[in-house]
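J.: There's a structure below that I have some questions on.
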Amino acid sequence: MSRTAFHDDADAAVAGVRDGDTVLVGGFGMAGMPVTLIDALIRHGAADLTVVSNNAGNGDTGLAALLKAGRVRKVVCSFPRQSDSYVFDELYRSGALELEVVPQGNLAERMRAAGAGIGAFFSPTGVGTPLAEGKETRTIDGRDYVLELPIKGDVALIAAHRADRTGNLVYRKTARNFGPVMATAAASTIVEVRAVVETGALDPENVVTPGIYVDHVLDLAAIREAVA
Amino acid sequence: MTTTSTIEHTDREPLSKHEIAAIIARDIPSGSYVNLGIGQPTLVADHLDADSGVVLHTENGMLGMGRAAEGDEIDPDLTNAGKVPVVETPGCSYFHHADSFAMMRGGHLDVCVLGAFQVSEHGDLANWHTGAPDAIPAVGGAMDLAIGAKDVLVMMTLFAKDGSSKLVPSCTYPLTGVGCVSRVYTDLALFEVGPDGVTVLETWSLTVDELAERLDVPLRRAKG
C-alpha cells in the first residue's frame, strides 16, 4: 500500500498548507499549471505565502487570483511581466508584494539542488549582471561562477498527466516543465492529474516522477464524475 | 595594400528582418542544435532548409520543436518558450526544466539566436531590462541562454528608434551576460565581436567607411 494519499476533493488535497509556507507552483504559462489546486488553495485561505513559479500569473485566474486575494507576501520567479500580468503588476507597483527575479535555469537548478540534498552550487548564469550583486563569486578553471542557494518548498502544487496508485507520475509534452523538479524539492508534493490508473498500468521505463516524491494526488477525472 | 574579405553590398537597401533571418539561417551549420529566442529570432526557423538537419531546442523542455500549430493541431500541452502552440517533428524529445537548462549551461547547444537592446564591442549583451525605474524586471531564460550556447548570435536593427547605435563601446543598460556574443546580425552589417573588438564581415546599403562614421566603436575589416 502506497503512502501517497488519493483525493477526489481538491480542498482535502491542499488542507495541509499553512500560513507562511513556501509554495512551489508548476507550469509554464498555462501548460502544466495546477489550476484546480490553486483554486482550492484560494478557498483554503492560507496567507503570507511565498510563491515560487516561473511566472506571476496571467489574467484573473489561477496564480493571479491567489495574488489578488492577498495571500502572497513574496513571489520568486523568472518572468513576472507579461502582456496580461496586470494583477501582479499593480500589486508590485503598490509595494504590496516582494519580488525576487531569478534566471529561469538557476530557478530550476536551485530547486533541483534542494531536492537532491545539494547545499549550494556555482552557476555561470548571471555573472557580471545585476542579479549576481551581493552574491559570492568564484573563478574555477578560468571561468567565473556565482554561488546559488537551494530553493526548498514546504509544498509543491503541480499538474501531471497520469498517476498510478503507487504515486508514479507521467507528464505530457511540454506540460512536464517544472513538475518533476518541484516534486523533489518540497516537503509535501500535491499533484493534480487528469486520471489515476491502476498500479502496473504505467510502463516503469516511462515513469518520470517516482511515487517516493508524491504525497497527495488529486484525481480530476473523479471530480468530473462526481459532478456528473 | 592589405586585402580584405569584407563584402560591401552597396547596391541595395538595408536588410529586412526576414532577410536578416535568412542570413543567420545561411550561417548555421547543418546538424546544429539551436535555440531561437523569443521575438524576431523565431523568424530564423522559416529560413532553415528542411534537409539542414538543424534541431530546434525550446527551453521549456523540448528538442525537435516544429512550426507553429494551426487549427486542430493546437494542443495546450505543447508550446514554445513564447507560449505559442507548436507541433512535434519526428525524433523530438521532452525533458524537464532543470535538464533543459543543464543542456544549455553544459555547453551542449551549438547556437543560440537572441535579440538585444545593446551589444558591446567585446561581446557583452544587454537584452533583459531597460533599467527604467518603473520597469518590472523580468529575465526569463535570457541570462542562461546568453552564457549557454557555444555560439551566441544577436539579431537586431543596428540603430534604435531614437537613432542611437545599439553596438556600443560598453553597455549602458543592465547586462544579461559578459563577453558572451560572438556575432551580431543587423540590417546594415554583420559584425564579429569579442576580446579583440569589432570586425565587419559584411555590409548592406553602405560601405565600412560610411558605417565607421556613424558608430562609436573602432571597426576592422576582415582579413583577406
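The values are calculated or read from the model by the stated rules, or taken from the named source; none is laboratory data. It should be emphasised that the depicted structure is a prediction, and the values quoted were computed from it without experimental measurement. For neighbour counting, all protein chains shown are included, and Cβ atoms are generated from backbone atoms with ideal geometry for every residue, glycine included.
J.: Mind checking which residues of the range A:23-63 are buried (at least 24 other Cβ atoms within 10 Å of the Cβ) and polar (S, T, N, Q)?
T.: Scanning the range A:23-63 gives A:Ser53, A:Asn54, A:Asn55.
J.: Same structure, new question: Residues being buried (at least 18 other Cβ atoms within 10 Å of the Cβ) and part of a loop (DSSP other than H, G, I, E, B): count how many of those fall in the range B:123-135.
T.: Within the range B:123-135, residues that are buried (at least 18 other Cβ atoms within 10 Å of the Cβ) and part of a loop (DSSP other than H, G, I, E, B) number 5.
J.: Test A:Gly57 against the stated conditions and say whether it is within 14 Å of chain B (Cβ to nearest Cβ) and of a type outside the set (D, E, K, R). Explain how you work it out, then say what you get.
T.: On the way: within 14 Å of chain B (Cβ to nearest Cβ): yes; of a type outside the set (D, E, K, R): yes.
The answer is yes for A:Gly57.
J.: If you don't mind, there's one more thing I want to ask. May I ask you to list the residues in the range B:83-115 that are within 18 Å of B:Ile28 (Cβ to Cβ) and assigned to a loop (DSSP other than H, G, I, E, B)?
T.: Passing the criteria: B:Gly107, B:His108, B:Leu109, B:Asp110, B:Gly115.
J.: Name every residue in the range B:142-160 that is out of contact with any Lys or Arg (no Cβ under 9 Å at 6 or more places or on another chain) and surrounded by 24 or more Cβ atoms within 10 Å (Cβ to Cβ), in order of residue number.
T.: Listed by number, the residues that qualify are B:Ala142, B:Met143, B:Leu145, B:Ala146, B:Ala149.
J.: To continue, here is another question. Out of all the residues in the range B:60-76, which are surrounded by fewer than 17 Cβ atoms within 10 Å (Cβ to Cβ) and modelled with pLDDT of 95 or more?
T.: Of everything in the range B:60-76, those that are surrounded by fewer than 17 Cβ atoms within 10 Å (Cβ to Cβ) and modelled with pLDDT of 95 or more turn out to be B:Gly64, B:Glu70, B:Gly71, B:Asp72, B:Glu73, B:Ile74, B:Pro76.
J.: How many of the residues making up the range A:133-149 are more than 12 Å from every other protein chain (Cβ to nearest Cβ) and part of a loop (DSSP other than H, G, I, E, B)? Please lay out each step first, then the result.
T.: At the first step, the residues of the range A:133-149 found to be more than 12 Å from every other protein chain (Cβ to nearest Cβ) are A:134-136, A:138-142, A:147, A:149.
Keeping just the survivors that are part of a loop (DSSP other than H, G, I, E, B) gives A:134-136, A:141-142, A:149.
Result for the range A:133-149: 6.
J.: Looking at (1) under 19 Å from A:Asn106 (Cα atoms); (2) in contact (Cβ under 8 Å) with a residue 24 or more places away in the chain; (3) more than 19 Å from the chain's Cα centre (by Cα), which one does B:His108 not meet, given that it meets all the others?
T.: Of (1) under 19 Å from A:Asn106 (Cα atoms); (2) in contact (Cβ under 8 Å) with a residue 24 or more places away in the chain; (3) more than 19 Å from the chain's Cα centre (by Cα), only one is false for B:His108: (3).
J.: Among the numbered criteria (1) in a strand (DSSP E or B); (2) under 19 Å from the mean Cα position of the chain (by Cα); (3) within 14 Å of chain A (Cβ to nearest Cβ), which single criterion is violated by B:Arg67?
T.: Looking at each condition in turn, B:Arg67 falls short on (3).
J.: Among what's in the range A:165-207 and is acidic (Asp, Glu) and either surrounded by 18 or more Cβ atoms within 10 Å (Cβ to Cβ) or in a loop (DSSP other than H, G, I, E, B) (or both), pick the residue that is farthest from the other protein chains (Cβ to nearest Cβ).
T.: Step one: filter the range A:165-207 for residues acidic (Asp, Glu), giving A:192, A:198, A:203, A:205.
From what is left, the residues that are either surrounded by 18 or more Cβ atoms within 10 Å (Cβ to Cβ) or in a loop (DSSP other than H, G, I, E, B) (or both) are A:192, A:198, A:203.
Working: A:Glu192: 14, A:Glu198: 23, A:Asp203: 15 Å.
Restricting to residues being acidic (Asp, Glu) and either surrounded by 18 or more Cβ atoms within 10 Å (Cβ to Cβ) or in a loop (DSSP other than H, G, I, E, B) (or both), the top hit is A:Glu198.
J.: Also: Given the options A:Glu198, A:Glu225, A:Glu192, name the one that is among the charged types (D, E, K, R), at pLDDT below 95 and either under 17 Å from the mean Cα position of the chain (by Cα) or farther than 25 Å from B:Phe101 by Cα (or both).
T.: A:Glu225
J.: Considering (1) within 14 Å of another protein chain (Cβ to nearest Cβ); (2) assigned to a helix (DSSP H, G or I), say which one B:Leu43 fails and leave the rest.
T.: Against the list (1) within 14 Å of another protein chain (Cβ to nearest Cβ); (2) assigned to a helix (DSSP H, G or I), B:Leu43 comes up short only on (1).
Condition check ((1) crowded, with 19+ Cβ neighbours inside 10 Å; (2) within 14 Å of another protein chain (Cβ to nearest Cβ); (3) in a loop (DSSP other than H, G, I, E, B)) across all residues:
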| residue | (1), (2), (3) |
| --- | --- |
| A:Val75 | yes, yes, no |
| A:Asp84 | no, yes, yes |
| A:Glu90 | no, yes, no |
| A:Asn106 | yes, yes, no |
| A:Arg110 | yes, yes, no |
| A:Gly126 | yes, yes, yes |
| A:Leu131 | yes, yes, no |
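J.: Only one of these conditions is not met by B:Thr199: (1) part of a strand (DSSP E or B); (2) under 23 Å from B:Ala142 (Cα atoms); (3) β-branched (Val, Ile, Thr). Which number is it?
T.: (2)
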